[in-house]
Amino acid sequence: MRVVVDLARCQGYAQCAFLAPGTFRMRGEEALMFHSSPDEAQRDQVLRAAAACPVQAILVERLDSTAIPPAMTTGTARAATAASGTATTAATATGTAAV
């Protein structure tokens with residue numbers, strides 16, 4: 001499973017951090033920290049967090065690249081992901097940084 005956050009949409013509501021604290025957490029008031037490849041045991045929590053995002057900024061992909069659920073629309077949306085592996089990514093309105 002891979003998690004992608006659309007930086008053009010994320011507004012820092014932190015619903016994801018509340019529902020899946022093992023994958024998402026807020027750093028300060030604006031920076032979202034997340035694991036781009038969370039453990040499969042967290043799948044239900046991550047899917048609930050993606051569904052609860054008020055602006056649908058979270059996309060969860062299977063390893064075979066099938067999106068679950070289709071939270072992002074087509075177009076020129078920018079997405080933040082970490083390189084493959086279990087890196088943590090910080091997403092802010094101005095960009096991303098692997099931590």
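The values are calculated or read from the model by the stated rules, or taken from the named source; none is laboratory data. Note that the coordinates shown come from a computational prediction; the quantities given were computed from them, not determined experimentally. Cβ: placed from backbone, ideal geometry, glycine included. Neighbour counts: every protein chain shown. Ligands, DNA and RNA are stripped out before the accessible areas are found, and what is left, the full protein with its side chains, is counted by its heavy atoms. Shrake-Rupley method; radii C 1.70, N 1.55, O 1.52, S 1.80 Å.
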Practice problem: Please name all residue pairs, on different chains or six or more residues apart, with Cβ atoms under 6 Å, provided the first residue is in the range 32-57 and is aliphatic (A, V, I, L, M) and the second residue is outside any helix (DSSP H, G or I) and open to solvent by 70 Å² or more (accessible area, probe 1.4 Å). | Solution: Met33/Arg25; Met33/Arg27; Val55/Gln11
Quiz item: On the given criteria, is Val4 closer than 22 Å to Arg62 by Cβ and touching a Pro at 6+ places or on another chain (Cβ under 6 Å)?
Solution: no
